[in-house]
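Down below is the structure, laid out as structure tokens.
Taken together, the values in this text are just the output of simple stated rules run on the coordinates, not laboratory data. Keep in mind that this is a model prediction, so the values were computed, not measured. Here Cβ is always computed from backbone atoms with ideal geometry, including for glycine, and neighbour counts include all displayed protein chains.
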């Protein structure tokens, strides 16, 4: 399991308490942070003294959630990797369920706010509207297998991620990237409804204006003919280099 953290401080403790209480499957929990002086680190080290499943993990790939997720997946040992945030927005009770879906054969299992019985509570209205529009339109027009491609709370087949790679470099767009890649390879994606609650402490690190073009790029990538893993890597790599040059 990968938990991305950025200066969460003492508030990482209740997040970890809920997570370890909810997860019943054998698991290691890699809490990934970008810097040794991150305020989360002392609390992680103290918590790890009594919880052997917790692995404080320094990301050396570069700053930002995309790099932290990529580093965590590469460092993980399990065949199924669940990505969740340290802000308490995601429901840890669903981690086992998402994991089981991947064990049964899907390459991505998404926690969906926008399918029936799912819900998003709180958060910026404009960001929520864009996310809902992207998720539902991709579901109905792109047939990607989930109503909520943009949600970061997902389980992945680690072998699938290693096969197609992660090209996102900065933001939280990894979720839509891997859904788009699975769709282009015509691999199975599944979803379960979730209730997402806006964080009740701290400040969100989501940068809508800076990251929106990257979300749109992966949105467009989901449409098109079937590709092999090699073709996905080649085309996605070209898109990423073109974005970097711009």
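Here the Gaussian network model covers the chain, with springs between Cα atoms less than 10 Å apart; of 97, 231, 67, 231 fluctuates the most. Per-residue ellipticity at 222 nm computed for the chain from its helices equals -12500 deg cm²/dmol, with DSSP H segments shorter than 4 residues left out and the rest contributing -39,500 (n - 2.57). Taking only the C-alpha atoms of the chain, Rg followed by Dmax gives 16.8, 50 Å. Note on the stretch 2-245: antiparallel DSSP beta bridges, both residues inside, total approximately 25 percent of the bridges counted. Working value for the stretch 1-120: equivalent-ellipsoid semi-axes of 23, 16, 15 Å, each the square root of 5 times a Cα gyration tensor eigenvalue, largest first. Separation of the stretch 44-86 and the stretch 94-114, taken as the distance between their Cα centroids, equals 19 angstrom. Please work out whether the stretch 17-79 counts as rounded, prolate or oblate from its C-alpha gyration tensor, where a ≥ b ≥ c are the square roots of the eigenvalues and a/c under 1.5 means rounded, while otherwise a/b larger than b/c means prolate and anything else oblate? In terms of gyration-tensor shape, oblate. Normalised by 2.2 N^0.38 Å, with N the number of residues, the alpha-carbon radius of gyration of the stretch 52-138 equals 1.25.
Extending 7 Å from Cα along the Cβ direction at residue 77 and again at residue 10 yields two label points whose distance is 3.3 nm.
Sorted fewest first by neighbouring Cβ atoms within 10 angstrom, 33, 219, 47 come out as 47, 219, 33. Ordering 108, 102 by the number of other Cβ atoms within 10 Å of each residue's own Cβ, fewest first, gives 102, 108. Hey, how much of the P(r) for the stretch 97-182 falls beyond 14 Å, as a percent of Cα pairs? Across the stretch 97-182, Cα pairs with separations above 14 Å total 64 percent. Neighbour counting of Cβ atoms within 10 Å sorts the residues 172, 160, fewest neighbours leading, into 160, 172.
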